[in-house]
Amino acid sequence: MMRRCLLILPMVPLSVGHVPAQTAVLYSGHDAYVQGAGEPAGTYRDIVRRGGRYLLRFQGAGAARTVACADIWGFTVNDVLFRVHPQEQVPVRLMAHGAVCYYENGFAHLRMQRTGSELEPAGPGHRSYIGRSLDGAIVPAVFTPGDDGPAARFRAAHPQLEVLFECIGGQDDLDNTRQCVVDFEALLEGDGHLRAVDMHRP
């Protein structure tokens, strides 16, 4: 069986005064991302809210550009992927891609990349999210008993991931969620029965 690819992307500490250029590429959909058919957007500058929408600001060759999150599937900044949450219309950063896709608050990670800091407070949206595939649904990684929201429906649709849901729980603890994802992927690698999870991806 092909080995899954698990990728946890840490923020690399940068020396003071040295922040690499924030080269950005826009993607209209999942297929465009997979095929590498993105649209260069110049240098990422900022994200702002205007008229109820979140707008990404870029600086191209001599001209500034603004793109609404709602108008794109996702984008990369220095090859780091940010998807746009389909319902919340906010950016979320892909942190792990294995049996599940694990994302974190995009606002915080965009600030970290732009400033070179190692920690930033979360912006609008949730601290962490989870999905089954890169082109699938994204739900908050908070699994509270009695909840009937998107996370609960996702949980009901994927009983084979119950070990992960139980581990994450309803505390919205970022460190715990990260460790649960890592441990779950390791568990899949070591258990022949659980490996079937990856073979029944919807």
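Each value in this text was obtained by applying a stated rule to the coordinates, not by laboratory testing. This structure is a prediction, so every number in the text was calculated from the model and none was measured. Every residue, glycine among them, receives a Cβ derived from its backbone with ideal geometry; neighbour counts consider all protein chains shown.
Table for the structure above
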{"item": "Mean Cα-pair separation over length for the stretch 54-195, i.e. relative contact order, pairs under 8 Å, 6 or more apart, %", "result": "13"}
{"item": "FRET E, pair residue 133, residue 35, Förster distance 22 Å, beta-carbon r, rounded to 0.05", "result": "0.85"}
{"item": "Chain lengthening between residue 167 and residue 50 when straightened (0.36 nm per residue, less Cα-Cα)", "result": "38.4 nm"}
{"item": "Residue 87 versus residue 175: modelled label distance in nm, points set 7 Å from Cα along the beta carbon direction", "result": "3.0"}
{"item": "Additional length obtainable on full extension of the chain from residue 23 to residue 43, 0.36 nm per residue less Cα span", "result": "6.7 nm"}
{"item": "Mean Cβ neighbour count within 10 Å, used as a protection proxy, ranking 151-162, 127-138 highest first", "result": "127-138, 151-162"}
{"item": "Computed FRET value (nearest 0.05) for residue 186 with residue 61, which takes r as the C-beta separation and R₀ as 41 Å", "result": "0.35"}
